[in-house]
Structure formats: C-alpha cells, structure tokens
Amino acid sequence: MEPDLNLAIQHHEQGRFDEAARVYERILGQTPDDPFVLHLFGVLVHQRGDHQNGVDFIRRAIALAPHQAAFHANLAEVYRAMGQFESARRCCQRALDLEPNSPGVFNNLGLLCQAVGQIEEAIAQFQRALEIRPDFALAHNNLGTALRQAGQIERALFHFEKALEFDATLSTAHSNLGQLRLERYQREPALHHCLEAVRLNPFFAEGHNNLGNVLRELGRLQDAKASYLEALRLNPELSMTCNNLGQANQEEGNLDVALNWYRKGLIQDPNSARIHGNLASLYWEREQFVEATGHYQQAIEFAPEFADAQHGWGTVLYQQGAFDEARKFYGEALRIRPDFAIAHCSLGTLFEEAGDLDLAENSFRRAIHHDSAQSGAYAQLATLLRGRLPESDGDILRTLAANSSLSAGKRAALFFGLAQVNDAQGHYVQAAEELFQANSLAAIDRTRRGLSYDPRQHDQFVQSLIEAFTPDDFQRLKAFGSTSIRPVFIIGLPRSGTTLTEQILASHPQVFGAGEQGLAGKTFAALPELTHLNLPASACIKQLEGPLVTEISRQFLEQLTKWNQPALRVIDKMPDNYLSVGLIATLFPDAKIIHCRRDLRDIAVSCWMTNFRQIHWANQFEHISGRFLAYQRLMDHWRRCFPGKILEIDYEETVVDLEATARRLVNWVGLEWNPACTKFHEQRRPIRTASATQVRQPIYGTSVARWKHYLPALSPLFAQLETVKPKL
C-alpha cells in the first residue's frame, strides 16, 4: 500500500493527474475509508476542475479524521475556487482552531482575501505565514502576487526570488517571476524562468500562458500561439489566454480571428479590463473609434488604474485630433505606470507634432531608459534627430535592426530611421541600402496584416470616379450645394508640399488649419449609408438628389464649426482629397481647392523614405509609379470638369519665392495679406504628418531635386515614372 501511495503522490506532485488518479482509485478500491487517500484524491479531483466532487471526497475524509487541519485548509481552497468564500473562511477558521500556528492555513487565508479583493489583508496573512515559517516558498510566491497587485513591484520581485531560493522547483514562482521580468522589459530572464516553469510542470496551464506572453514579446508569434493553445488545452476556462491569443493574432494582422478570441474571453470574463482594452485597440486599428472608445471606457470603469487603457483611450483621441485630451490620458497612464515605455513614445509623438522637439526627444529617451530594446523609440528618435543622432544611438539602431527575432514591422521602422540619419549625413548609398531593407520588411508586414495593396483595384476605383463625376452631374446638383466659402481644401500626392501649404495659410490669423482630418474622404465613403443604397460610393453619385446634397453640406459645415468657430476659413488638408474633388465641388461649388505639385521623382523618393502607417502603396516601385499614373488621369479629369476651380501650387516655386506663393494662396482664399504667412515655421499648432519636423524650420531648398542623390539606386523607378508627366 505504501509504495502505491508514494507513487500516486509522485505523479500528483509532477502534474501527471491521470496516472495519479488511477493509483488513488486502485488504493481506494482496496481501502475505501482511508481518510488520507480520500483527502488527496479530493484535492486532485478539484485540480482537474471537478470542484463539487472534490468537496465530497474531502468532506468524507474529514468525517473519518475531523482533527486534520490540512483537510479543512484544503477544503477551504476548493470552496474558494467555487466562489463560496464564506464557506472557505469557515474552513480556514476551523483549521486554525486545530492548528493555530499553521503557516499553510495562513497562506490559504491570504489566497481567500486576495480572491475577494482584500489585497492588504492578503499581504498580512502571507506575512504571518512567513513569520511562522520563513522558508515557506509557496507563501513567498503568493505574497509576491499580492504585492504585485498592490503595485509594490520591487518587493514582489524580492519574494518571487526568495520563493525560488527556498524551492528552485516551484514552477508557479518561475512563471510569476518570468511574467514580472517581462513587464519590466527584461525579456531574456523572463524567457528563462517561463521555460523553466513549463519544464518543471508541463501540465501548468498558466505557465504555458506566461511563456506565450514572452514569446509574443520576442516576436515569435507562432511559438506564442502554440503555447497559448496548450494552455487552453490544459484549462479551457482561462479567459486571459483567449485574450492573449487575440493579441497574437492582432499583431499578425488576423483581425477577424483576434476579434473572435477577444469575444470568447469576454464571454468567460465580461468584466475583464484587459480584454476590453485589447478589443478597443483592435477597433482603433480598424479606425472604428466609437467602438474603441466604448471598450476603453469600460476597461477604465472596471480598473481605473489600468495604464494600458488610459494610454489606449489617449491614442483614440490623438487620432481624432483631440491633442489636449490625448495628452491628459497619456499623463494619467504614466502616473499609474511611470516606466510605461510606449506611453512615453506616444507623448513624444505628441510633442513632436506640437513643435516641442526637445520635449519629444526627452520622451523618446525616457522610453529607452525604461526599455533599452524599445525599437519604436529608437526609430522615432532617429527620424527626429536625423543627422544629429549620436553615433552610440546609431550603433544600437543597427544592432536592433539586424535582430531577426524582431517583427518585420519593428525592423522596418528601424531601417527607415537609419536611412533618415544617413540621408541627412550625405551617405546616400548606405541610406538606399537601408531603404531597400525597410521597404521590403514593411511590405512583408503589411501582407502579414492583410493590408496588401492592389493596384488594379485602385485603377478601377479611379475609373469609377471618372465615370461617376461628369460636368453634367455637377451642373445637375450645383444649385443644391452650399454657397459657403469657409472650407478650403488642400489636395495632392503625399510629400508634395500639402503640409507646407497648410502651414503657410494657417499662419494667417483668420485661417484655421484642421490638419489631416480627412472629412471629405470620410463623407465620400459614407455615401452608401447616406443614400441608403447597397452600392459602391462612386455608384451612389448618380443617385444623389438635391435635398441630400444640401443636408450633407450642412453636416460638413457643422463639423468645421466644431473644429473652430471664429476662423473665416477652415482647411481640410488631406493628400488623398484629390480623390474626392468631385464630391467637394458638388457640396461646395464656391469653395477653394488648392492642388500641391512637385517633381514626381522627388515625391517618389520622399514616399519611399517614409514609414507610412496608412499608405500601403509606397513600398514597391511599380505601386508608386502606378499610383502616380492614376493620379495624373484623375487630376486631368477634374481640370476638364472644373476649369479654373483649382489653384496649382508648385513646391519648387514656393522654395524660390515664398512670399509670392504665400500671397497667391491668401488671395485665392479671399483674404487680405498678412506677413505672418511667411513666418509659418514659428507656428506652434500641431502637425500630424511625416513633415512635422521640416515645417518647423524656415523654407529650405535641399529637398528640391533630391532624387538625384538616389539616381543609381532608383533608376528603375525613375524609368517607370517617364510614362508620367514630370509635374502636373
């Protein structure tokens, strides 16, 4: 009998539950009233998720041996797992009556207090257990988890390490220490401990979950998903593992799959702040800002001190142009978690766009201070400083960019940053090599995330616009559009000078530059909904009726008023507004449209050098040239439809004679000249484009004919551009 029991206990302790159960059952078949075996079997049944039968077996053991404190203590644990906290408390008290100085019972009481949210009391109970037995490894581990919940991270680390000092085989302590090291950006130590946790106990579901977290952070997404699935195989009720699978799939760009995992997690735990927060980030990625805001709000309601949700809500507000509100949320996230590297990066971006370049650099460096492998911060720092980047930072960027374990997106950002540095320093061959790598990696990343660019689809879309908007359609609806001249629309290809043009005009005291709000494009995309037609937006144009045109233009003007009430002119600046010229002219026949032009070779180089978030066509030569050709076709069409309605501004002429261009712009929008327009670089307004740093400087000519520096590397692209006019 004794050898059998020892074998069962060995199987049990090593997580081989099926083998242990068979031995326990064999022993109970021979001695059904053995209280010690009944007790152990009850614990095992509980650990396998059958809590009620666990209660039944342990109660039978207590009936046979009522004075065993350990039996009452473990029954308390089963009741705790069932959510029957009062029954659990009574069992703990009975165990203490039998054994007043039992460290195990105080440990269980701590777990009970933790379960009902009494964290300070839980800490006190774990400490009492350790006063009685200082080498109690499990109590050190549990105290570490409570201290972590209380935000006492350094003390939590100390007790996890103490747990392993007293019992190096305690898998839960390895897993908890690994997860906490990960949250402190110590990825390699985290991987060591999480691997050790599942090696010691292959049946430890939470251990596999935490290992997945480390692997995901290291960019090993397939391995991470395998760990998460193993965790769910061992314990299908782990809602946080469903959440983590959602995150892994979201990082891969499998947004529909990620959405299903988040929803599954919320079914299991509808009050999980973390799952609501991650679901919100998915909606943010899809630019579904209403849904994103709703879930961030729920996350903060459930956990006001959840820094990720505070930061996430800030990113939504930032994307919507609410910079002051975004800054408040970023600040709150950093108050809660001062070492939150990504929040420091976001704050740095906000400072950069507001023109506070020193504060931006400081924020990026704070991110790096907290997370020395924060690739995003290094990439942003390189783009900000360019030729002024210290060589020591450049060395780190090169090391990070060469790390194949980083995701393609992160490595692409690093190579783009390095190229900006080398371009500014005149090392054009090196910059070109880095740009080839950057764009290749960016294309891989977009494909993986399901964001591949289809040039044929875009050509078809442009053709549909040409067919939908004709002079006859314009004349039919012209009388129903608004006569307001308040909106001003700036259009052109990306990197064609649209930001500079807006900055010049927005320096006028009677002009408000709203930035890249994209209202015209959003209005066009909403046409199927507005017309109640199940058709593509371009096909809805022929079905537009006068009263609806009047209503759409009224709503458009309302939005302008929300952005700014007193300004006589409000600029909607979005390069892709050139796709919406037909709708703009229909809604606002008298509004002013400004078309920014530049040598297409310079635009191509600038686009190829920029790590765009939302532009998907700038990574491959044939996509760039094809996009430019479609742009040319469409702009030719708009000129035929609306002769004399579009002011053409050439970037090169602006560089040569800024004041002359500024006067043309001010005159075009019907305002009196103001000399502030030539001092655009002194403006402190937020600028949300890749040109944010350049337009903080006086006008410069180094970007004219920039393409010549890259003639050897980009000659195939320039050859393709020969089919497109050098400038429209």
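The values are calculated or read from the model by the stated rules, or taken from the named source; none is laboratory data. Everything numeric here is computed off the predicted structure, so don't read it as measured data. For neighbour counting, all protein chains shown are included, and Cβ atoms are generated from backbone atoms with ideal geometry for every residue, glycine included.
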Original post:
Scanning for something crowded, with 16+ Cβ neighbours inside 10 Å, farther than 30 Å from residue 321 by Cα and touching a Lys or Arg at 6+ places or on another chain (Cβ under 8 Å), does the stretch 471-484 turn up at least one residue?
Top reply: yes
**OP:** Look through the stretch 245-292, keep the residues that are out of contact with any Gly (no Cβ under 6 Å at 6 or more places or on another chain) and among the β-branched types (Val, Ile, Thr), and return whichever of them is nearest to residue 229 (Cα to Cα).
**Re:** 257
Original post:
Right, residue 611: part of a helix (DSSP H, G or I), modelled with pLDDT under 95 and among the polar types (S, T, N, Q) or not?
Top reply: no
Subject >> Which numbered condition residue 236 fails, given (1) closer than 16 Å to residue 275 by Cα; (2) without any contact (Cβ under 8 Å) to a residue 12 or more places away in the chain >> reply: (1)
Subject >> Conditions (1) out of contact with any Pro (no Cβ under 8 Å at 6 or more places or on another chain); (2) among the aliphatic types (A, V, I, L, M); (3) more than 29 Å from residue 154 (Cβ to Cβ): number failed by residue 354 >> reply: (1)
Original post:
So which residues in the stretch 256-277 are aliphatic (A, V, I, L, M) and within 22 Å of residue 218 (Cβ to Cβ), if there are any at all?
Top reply: 257, 258
**OP:** With the condition kept exactly as written, say whether any residue in the stretch 221-240 is within 29 Å of residue 525 (Cα to Cα) and modelled with pLDDT of 95 or more.
**Re:** no
Original post:
Do you know which residues across the stretch 314-325 are over 18 Å from residue 304 (Cβ atoms), of a type outside the set (Ser, Thr, Tyr) and buried (at least 20 other Cβ atoms within 10 Å of the Cβ)?
Top reply: none
Original post:
So residue 677 clears everything in (1) surrounded by 19 or more Cβ atoms within 10 Å (Cβ to Cβ); (2) at pLDDT 95 or above except one condition, right? Which one?
Top reply: (2)
Original post:
Which pairs do you get when a residue that is free of Cβ contacts under 8 Å to residues at least 24 places away in the same chain and at positive phi, found in the stretch 156-172, comes within reach of a residue that is aliphatic (A, V, I, L, M) and surrounded by 21 or more Cβ atoms within 10 Å (Cβ to Cβ), reach meaning Cβ atoms under 6 angstrom, with the pair 6+ apart or on two chains?
Top reply: none
**OP:** State all residues of the stretch 646-663 that are outside any helix (DSSP H, G or I) and either surrounded by 18 or more Cβ atoms within 10 Å (Cβ to Cβ) or touching a Leu at 6+ places or on another chain (Cβ under 9 Å) (or both); if no residue qualifies, say none.
**Re:** 646, 647, 648, 649, 650
Subject >> Selection count where residues are at pLDDT 95 or above and of a type in the set (A, V, I, L, M, F, W, C), scope the stretch 199-214 >> reply: 2
**OP:** Residue by residue through the stretch 326-345, note down the ones that are of a type in the set (Lys, Arg), farther than 18 Å from residue 289 by Cβ and surrounded by fewer than 19 Cβ atoms within 10 Å (Cβ to Cβ).
**Re:** 335
Original post:
Filtering the stretch 123-154 down to residues that are basic (Lys, Arg) and over 30 Å from the mean Cα position of the chain (by Cα), which residue is farthest from residue 339 (Cα to Cα)?
Top reply: 133
Original post:
What are the residues in the stretch 504-527 that are crowded, with 16+ Cβ neighbours inside 10 Å and more than 29 Å from the chain's Cα centre (by Cα), if any?
Top reply: 504, 505, 506, 507, 508, 511, 512, 527
Subject >> Those residues of the stretch 415-459 which are in contact with a Phe, Trp or Tyr (Cβ under 7 Å, 6 or more places away or on another chain) and small (Gly, Ala, Ser), in sequence order >> reply: 417, 432, 438
Original post:
residue 95 is checked against (1) on the phi > 0 side of the Ramachandran plot; (2) surrounded by 21 or more Cβ atoms within 10 Å (Cβ to Cβ) and fails just one. What number does that condition carry?
Top reply: (1)
Subject >> Count of residues meeting criterion [among the charged types (D, E, K, R) and within 11 Å of residue 8 (Cβ to Cβ)] in the stretch 19-41 >> reply: 4
Original post:
Which of the residues belonging to the stretch 619-673 are free of Cβ contacts under 8 Å to residues at least 40 places away in the same chain, closer than 21 Å to residue 570 by Cβ and hydrophobic (A, V, I, L, M, F, W, C)?
Top reply: 673
Original post:
Yes or no: residue 180 crowded, with 20+ Cβ neighbours inside 10 Å and either among the hydrophobic types (A, V, I, L, M, F, W, C) or more than 21 Å from residue 12 (Cα to Cα) (or both)?
Top reply: yes
Original post:
Applying the selection to the stretch 244-255, what residues are buried (at least 22 other Cβ atoms within 10 Å of the Cβ) and more than 17 Å from residue 220 (Cα to Cα)?
Top reply: none
Subject >> the stretch 123-148: number of residues that are buried (at least 19 other Cβ atoms within 10 Å of the Cβ) and free of Cβ contacts under 8 Å to residues at least 24 places away in the same chain >> reply: 2
Subject >> Subset of the stretch 228-255 that is within 22 Å of the chain's Cα centre (by Cα) and among the small types (Gly, Ala, Ser) - its residue that is nearest to residue 409 (Cα to Cα) >> reply: 253
**OP:** State whether one or more residues within the stretch 618-630 are surrounded by fewer than 16 Cβ atoms within 10 Å (Cβ to Cβ) and farther than 30 Å from residue 717 by Cβ.
**Re:** no
Original post:
Which residues, counting only those in the stretch 346-365, are surrounded by 21 or more Cβ atoms within 10 Å (Cβ to Cβ) and either without any contact (Cβ under 8 Å) to a residue 12 or more places away in the chain or among the charged types (D, E, K, R) (or both)?
Top reply: 352
**OP:** Give, as residue ranges, the helices (runs of 4 or more DSSP H) completely inside the stretch 377-485 that count at least 1 residues that are among the charged types (D, E, K, R) and modelled with pLDDT of 90 or more.
**Re:** 391-401, 408-424, 428-448, 455-468
**OP:** Look at residue 291 and say whether it is in contact with a helix residue (DSSP H, G or I) (Cβ under 7 Å, 6 or more places away or on another chain), free of Cβ contacts under 8 Å to residues at least 60 places away in the same chain, of a type outside the set (Lys, Arg) and surrounded by fewer than 17 Cβ atoms within 10 Å (Cβ to Cβ).
**Re:** yes
